[in-house]
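Student: Please find one structure pasted underneath; my questions will follow.
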Amino acid sequence: MRSIWNGAISFGLVSIPIKLVNATENHSISFRQIHLADGGRIRYRKVCEIDEEEVTAAEIGKAYEGADGLVIPITDEDLGALPLPTAKTIEIVAFVPAASIDPLQMDTAYYLSANGVPAAKPYILLREALKRSEKVALAKYALRGRERLGMLRVVDDVIAMHGLLWPDEIRSPEGVAPNTEVKVRDAELDLADALMNTLGEVDMDSLHDDYREAVEELIAAKAEGRSVAPAETVEAGGEVIDLIAALESSVRAAKEARGEEPSAESEEESANAPVAKVTSLTGRKKSGGTGAKKKATASTKKTAAKKSTPSRAPAKKSAARSTAKKPAAKSSAATGTSGTSVPSVSSAKNSTAKSGTKSDTKPTAKKASPRKRASA
């Protein structure tokens with residue numbers, strides 16, 4: 001790997017000659033700007049505003065423009081004359097726990113390589129000291145015309161350096177957090193912990209840039225004259241109705257993705273728990289109307305069941321009426337035999353309906369006496 005900076009690590013009175021090598025590389029696909037009419041490439045040319053002529057890199061220098069528009073030229077000799085002790089030195093200023101470094105400060109990463117055979121022993125000494133102390137080294141260094149802050153740590157058998165932003169370059173997160181007061185229940189935290197444990201760890205080597213691969217496939221297809229089918233777009237869901245149910249569903253889905261079978265307790269909980277659905281407010285109104293219809297149907301069935309059940313009082317009355325009609329029928333038959341004129345069966349029914357059960361028995365007894373006299 002090509003070094004981008006040569007210098008030394010200053011470790012107290014120990015000086016370690018090193019070479020600075022980029023630890024990362026950019027795999028982003030770069031595009032060119034073209035003229036849509038003919039496909040010609042669009043290029044940027046550096047032109048002076050005063051004479052409107054194109055200038056070369058050798059004719060370009062640095063300058064500082066003040067708030068009033070005044071331009072102050074600054075040469076490389078001016079910057080080189082400044083007292084900068086870290087111009088060619090990575091100066092270690094402290095050893096601190098790794099947890100004391102805010103990840104927000106992390107910037108570009110570099111590998112530090114020992115420059116020459118004499119640098120091997122002090123290099124290994126610093127590496128082993130960092131390993132045993134389980135600390136990182138804070139250092140200052142100068143790169144590309146400015147002084148920077150760095151953190152040295154051990155990666156495998158190499159000392160790596162992370163460029164750090166200065167503390168005053170980190171913006172305050174004021175106004176970013178939600179303003180509303182939300183109470184998180186213990187049950188929700190337990191489910192969140194269960195989801196975190198279920199997802200577990202991941203092999204970092206298995207992670208890759210899906211979008212870059214899709215762009216490469218698109219470029220290859222266009223170069224071969226093939227067409228690429230458009231990808232399916234996933235529409236954003238609506239409101240999550242039940243957070244507990246969503247967490248439980250996430251835990252089950254994560255276990256299924258890892259090939260784990262849910263335990264008996266989790267199956268029992270999932271059977272009793274509501275199914276997590278992402279529904280819109282419209283869907284909630286529709287489901288509410290269906291529930292109202294079901295309730296109305298159930299109440300109608302109950303009312304019909306009550307009406308179909310006979311009460312005890314009407315049963316007694318119908319029995320009494322049938323008992324009263326039977327003597328009337330017998331008396332009419334007997335009267336017809338003797339030839340005495342008696343009321344017909346229909347008139348007896350009418351009189352029975354008008355009078356009560358008690359009044360029906362009395363006329364029957366009176367009508368029986370003429371039959372005895374006729375027989376005598």
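Student: Go through (1) part of a strand (DSSP E or B); (2) open to solvent by less than 80 Å² (accessible area, probe 1.4 Å) and name the single condition Asp107 misses.
Tutor: Failed condition: (2).
Student: Something else: When segment 86-103 is examined, which residues are found to be in contact (Cβ under 8 Å) with a residue 12 or more places away in the chain and either in contact with an Asp or Glu (Cβ under 7 Å, 6 or more places away or on another chain) or under 20 Å from Val155 (Cα atoms) (or both)?
Tutor: Thr86, Ile90, Glu91, Ile92, Ala94, Phe95, Val96, Pro97, Ala98, Ile101, Asp102
Student: When you scan segment 195-204, do you find a residue that is open to solvent by less than 50 Å² (accessible area, probe 1.4 Å), more than 23 Å from Ala87 (Cβ to Cβ), hydrophobic (A, V, I, L, M, F, W, C) and outside any strand (DSSP E or B), even just one?
Tutor: Step one: filter segment 195-204 for residues open to solvent by less than 50 Å² (accessible area, probe 1.4 Å), giving 195, 198, 200.
Filter again for more than 23 Å from Ala87 (Cβ to Cβ), leaving 195, 198, 200.
Then keep just the ones that are hydrophobic (A, V, I, L, M, F, W, C); that gives 195.
Retained after the next criterion (residues that are outside any strand (DSSP E or B)): 195.
Yes.
Student: What strands (runs of 3 or more DSSP E) lie completely within segment 116-171 and have 2 or more residues being over 42 Å from the mean Cα position of the chain (by Cα) and crowded, with 16+ Cβ neighbours inside 10 Å?
Tutor: Filter on segment 116-171 gives 135-143.
Student: Kindly evaluate Tyr64 against the criterion of being touching a strand residue (DSSP E or B) at 6+ places or on another chain (Cβ under 6 Å) and either surrounded by 11 or more Cβ atoms within 10 Å (Cβ to Cβ) or not aliphatic (A, V, I, L, M) (or both).
Tutor: yes
Student: Among the polar types (S, T, N, Q) and farther than 30 Å from Arg127 by Cβ, is that true of Thr86?
Tutor: no
Student: Taking only pairs six or more apart or across chains, which ones have beta-carbon atoms under 9 Å, a first residue in segment 11-22 that is of a type in the set (Phe, Trp, Tyr), and a second residue that is open to solvent by less than 50 Å² (accessible area, probe 1.4 Å)?
Tutor: Final answer for the pair search is Phe11/Ile92; Phe11/Pro122; Phe11/Leu126; Phe11/Ala129; Phe11/Ala137.
Student: What about Lys46, is it open to solvent by 90 Å² or more (accessible area, probe 1.4 Å) and at pLDDT below 90?
Tutor: Considered against the rule, which asks whether it is open to solvent by 90 Å² or more (accessible area, probe 1.4 Å) and at pLDDT below 90, Lys46 comes out as no.
Student: So, of the residues in segment 8-31 that are within 19 Å of Glu91 (Cβ to Cβ), modelled with pLDDT of 90 or more and among the hydrophobic types (A, V, I, L, M, F, W, C), which turns out to be most open to solvent (accessible area, probe 1.4 Å)?
Tutor: Only one residue tops the list, namely Ala8.
Student: Among the residues of segment 181-197, are any among the charged types (D, E, K, R) and more than 30 Å from Ala257 (Cα to Cα)?
Tutor: Yes, segment 181-197 has at least one match.
Student: Which of the residues belonging to segment 214-229 are without any contact (Cβ under 8 Å) to a residue 40 or more places away in the chain and not in a loop (DSSP other than H, G, I, E, B)?
Tutor: Residues of segment 214-229 that are without any contact (Cβ under 8 Å) to a residue 40 or more places away in the chain, as a first pass: 214, 217-218, 220-229.
Result: Ala214, Glu217, Leu218, Ala220, Ala221, Lys222, Ala223, Glu224.
Student: Ok, one more. Could we say that Ala129 is in contact with a Leu (Cβ under 7 Å, 6 or more places away or on another chain) and small (Gly, Ala, Ser) here?
Tutor: no
The values are calculated or read from the model by the stated rules, or taken from the named source; none is laboratory data. Keep in mind it's a predicted model, so treat the numbers as computed, not measured. Methodologically, a virtual Cβ is constructed for each residue, glycine included, from the backbone with ideal geometry; neighbour enumeration extends over all protein chains shown. Surface accessibility is based on the protein's heavy atoms, side chains included, excluding ligands, DNA and RNA. Shrake-Rupley method; radii C 1.70, N 1.55, O 1.52, S 1.80 Å.
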